[in-house]
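Here the structure is laid out as structure tokens; the discussion comes afterwards.
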Amino acid sequence: MNDNIEVRHGTDLRKGEIVRYTLRERMCHWLSAVSYVYLMLSGLALFTPYLYWIAYILGGGPTIRFWHPWVGLIFFVVQLWMHTLWKREMTVTDQDRQWSKTVKEYVTNRDDKVAPAGNFNHGQKQFYWAMFYSTLVLIITGLLMWFPELVSLKAHGLMPLIVFLHCLAALVTIAAFMIHVYMGIVFVSGGLQGILWGHVPVSWAKTHHRLWYEKVQREDRSRISSSEF
């Protein structure tokens with residue numbers, strides 16, 4: 001192994017780098033992403049005949065009809081796992097509210113005028129909670145659609161409402177997902193590196209998540225390359 005590389009939290013660190021996401025966090029994120037993309041594509045194919053061509057790419061209508069609910073269960077379990085990892089990190093704080101007041105500077109890339117953020121900024125937290133609560137709606141309505149016998153005969157008139165709520169929650173997640181991908185890949189340069197490889201430059205951490213960097217310095221210096229000490 002290169003003498004300039006240190007392994008910390010399942011991540012290769014070089015001089016001037018910090019562990020942004022541990023191996024466990026990255027595994028959870030990518031399991032969530034892969035399962036969600038399948039659900040989004042198969043769900044769109046089932047949603048409208050105009051997008052049914054997606055079903056042929058994924059193996060055909062009967063195939064996606066079988067796998068969509070099962071992958072939905074996997075996605076739900078992964079969301080619960082993610083919740084155990086990041087629930088505390090996603091609590092909205094006064095610092096987040098200050099960050100929101102400078103969101104105009106954030107979207108215009110005037111980083112020096114943006115209020116400091118913790119491990120996740122307020123926008124990332126809003127995305128997380130939108131996905132989390134939408135997932136709860138999706139799993140409940142999805143199970144009722146998968147097993148309609150769970151709905152009593154007297155309440156069968158509610159099935160159109162259940163389908164509507166399922167579609168509405170799905171559309172919310174699709175909109176949030178598109179914004180999340182754009183922000184992570186295009187808008188914030190270097191953000192993708194952290195979730196792919198686990199590490200980011202210390203300078204990037206100071207610029208985009210300064211409160212988190214300062215907390216790591218105080219409480220968990222094992223995340224930082226020893227060259228920074």
- Item | Cβ-based charge dipole, the chain, positive-most Cα from G190, L211, L46 | L211
- Convex hull of the range 98-229 built on C-alpha atoms - directionally averaged projected area, nm²: 11.1 nm²
- Debye intensity ratio I(q)/I(0), log10, the range 26-185, q values 0.15, 0.20 Å⁻¹ (C-alpha model): -0.89, -1.29
- Message: Let me cross-check Y213: its accessible surface, 1.4 Å probe, with only protein heavy atoms counted, in Å² to the nearest 10?
- Response: 10 Å²
- Query: Which value, in debye to the nearest 20, describes the size of the charge dipole of the range 1-122 about its Cα centre when Lys and Arg Cβ atoms bear +1, Asp and Glu Cβ atoms bear -1, and nothing else is charged?
  - Reply: 220 debye
- Message: Compute, for the chain, the length of the dipole vector about the Cα centre, with Cβ point charges of +1 (Lys, Arg) and -1 (Asp, Glu) only. Units Debye, rounded to 20.
- Response: 280 debye
- Query: To the nearest 20 debye, what charge dipole does the range 188-229 have about its Cα centre, counting +1 at the Cβ of each Lys and Arg and -1 at the Cβ of each Asp and Glu?
  - Reply: 80 debye
- Item | Fraction of accessible area attributable to carbon and sulfur, the range 104-229 (%, probe 1.4 Å) | 67 percent
- What accessible area per residue, rounded to a whole number of Å², is obtained for the range 1-59 using a probe radius of 1.4 Å? 60 Å²
- Using the Kyte-Doolittle scale, find the helices of the chain whose mean hydropathy is at least -1.0 and whose Cα atoms extend 20 Å or more along the helix's long axis, counting only whole DSSP H runs. 23-47, 61-86, 122-146, 159-181
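The values are calculated or read from the model by the stated rules, or taken from the named source; none is laboratory data. Worth saying up front: this structure is predicted, and the values here are computed from it rather than measured. We place every Cβ from the backbone using ideal geometry, glycine too, and count neighbours over all the protein chains shown. The protein model used for the area step is the full one, side chains on, heavy atoms only, and it has no ligands, DNA or RNA in it. Shrake-Rupley method; radii C 1.70, N 1.55, O 1.52, S 1.80 Å.
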